[in-house]
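Step one of this worksheet: look at the structure below.
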Amino acid sequence: MKIEHLKFFVRIAALNNISQAGKEFGLSPAVSSAHVNKLENDVGVRLIHRTTRRVSLTEEGKSFLPHVLNIVDSIQSGLASIGQGEVRPSGKLRITAPASFGRMHLIPALGRFLDEHKKLNIEIQLSDAIVDLVEGGFDIAIRIAPMSDSTMIARKMAADTRILCASPSYLEAYGEPENPSDLMNHKCINLIGLESWTFTTKSGQQTIKTNNRFRTDNGEAARDAAINGVGIIASSTWCSYEALKEGKLVRILKTYPLKSEAAIWAVYPSSRLVAPKVRVFIDYLSEYFSGIPYWDE
């Protein structure tokens with residue numbers, strides 16, 4: 001079983017395309033198919049479904065993939081430890097991240113990182129969907145949520161502080177709520193699935209089922225709706241901080257903090273060894289977002 005065949009299998013799993021993976025490796029279609037056939041003959045099972053329209057892993061292929069990733073990473077790390085192979089992080093780093101956070105904070109962070117690691121290139125998928133890292137062929141996921149997946153390793157990048165705010169025009173038209181219960185008489189903007197807001201009060205936690213005027217699956221869209229006077233929003237400070245500084249939004253109910261167990265995490269598949277490209281990127285983000293994040297200053 002050749003390491004080249006295993007590396008090729010990893011790229012096919014990431015791309016769901018044998019021809020495209022072959023182009024990355026400089027292989028002709030015939031040689032690409034021969035690599036796949038040889039690997040399947042070596043392991044004794046079919047690893048890849050091939051049709052005229054798409055390529056996907058079989059159940060055996062899905063089970064085999066994480067072990068192949070470990071093998072490839074182990075060999076690369078072993079070669080690096082004796083001064084052979086590629087010592088510096090190199091190749092393609094595939095990342096998935098939430099759409100709004102990715103656009104606002106991850107993309108601006110990449111310039112210096114790429115300058116420091118000239119043999120790396122980055123591919124980012126911006127989506128609010130929670131994707132399977134192994135099946136999708138991703139190296140790292142940035143997630144903003146409570147972290148409970150024991151099959152993944154997670155490193156906290158920053159807190160996800162959420163606050164209530166509204167536009168000056170909305171507050172002028174409808175008044176400012178004095179306590180959480182007043183929200184029942186106000187128009188509220190919600191992210192889908194987060195229609196109830198829990199507050200910390202002097203008498204304990206209080207949960208309010210909001211008067212839902214507008215819902216969306218995108219944080220920037222919810223923030224912009226609030227800026228345009230649609231209603232009151234519970235927004236992450238990383239999303240609303242610029243609008244607050246510019247006076248387009250005003251923070252309200254400051255003495256009733258929102259309860260949230262979410263944080264901003266860098267997540268990667270559980271493994272005995274972490275690929276150098278993954279390690280350096282997570283270390284870079286930890287430094288970039290260290291201390292009090294710039295959006296909370």
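Rule-based calculations on the coordinates, nothing more; no lab input. Predicted, not measured: the structure shown is a model, and the values here were computed from it. Glycine also receives a Cβ, built like all others from the backbone with ideal geometry; neighbour counts cover every protein chain displayed.
Data table
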| quantity | calculated |
| --- | --- |
| Shape parameters for the range 162-252, alpha-carbon atoms, Rg then Dmax in Å | 12.1, 34 |
| Neighbour-count ranking [beta-carbon atoms within 10 angstrom, fewest first] of Ser235, Ser33 | Ser33, Ser235 |
| 10 Å Cβ shell holding at most 16 others, DSSP loop, trypsin sites (Lys or Arg not before Pro): longest site-free stretch of the chain | 120-201 |
| Residue-by-residue Karplus 3J(HN,Hα) for the range 13-22, coefficients 6.51, -1.76, 1.60, Hz, glycine and proline x | 4, 6, 9, 6, 7, 5, 4, 5, 4, x |
| Net dipole in debye of the chain [+1 Lys, Arg Cβ; -1 Asp, Glu Cβ; about Cα centre; nearest 20] | 520 |
| Nonlocal amide H pairs with Ile232, under 5 Å, H built at 1.01 Å | Lys187, Cys188, Ile189 |
| Per-residue Cβ neighbour rank within 10 angstrom, fewest leading, Tyr284, Tyr294, Tyr256 | Tyr294, Tyr284, Tyr256 |
| For the range 3-81, alpha-carbon Rg over 2.2 N^0.38 Å | 1.07 |
| Largest-first ellipsoid semi-axes for the chain, taking √(5λ) over the Cα gyration tensor eigenvalues, angstrom | 46, 20, 17 |
| Partners for Lys245 among lysines (Cα-Cα distance below 27 Å; same-chain residues under 8 apart left out) | Lys156, Lys187, Lys254, Lys259 |
| Long pairs among Lys2/Lys118; Lys92/Lys248; Lys62/Lys277; Lys38/Lys92, criterion Cα-Cα beyond 32 Å | Lys92/Lys248 |
| Estimated distance in nm for a label pair at Glu135 and Ile3, the labels positioned 7 Å out from Cα along Cα-to-Cβ | 3.1 |
| Inter-site label distance for Asn185 and Asp128 at 7 Å from Cα along Cβ, in nm | 3.1 |
| Ranked Phe138, Phe113, criterion: other C-beta atoms within 10 Å, fewest first | Phe113, Phe138 |
| Average Cα contact separation per residue, the chain, under 8 Å, 6 or more apart, as relative contact order % | 21 |
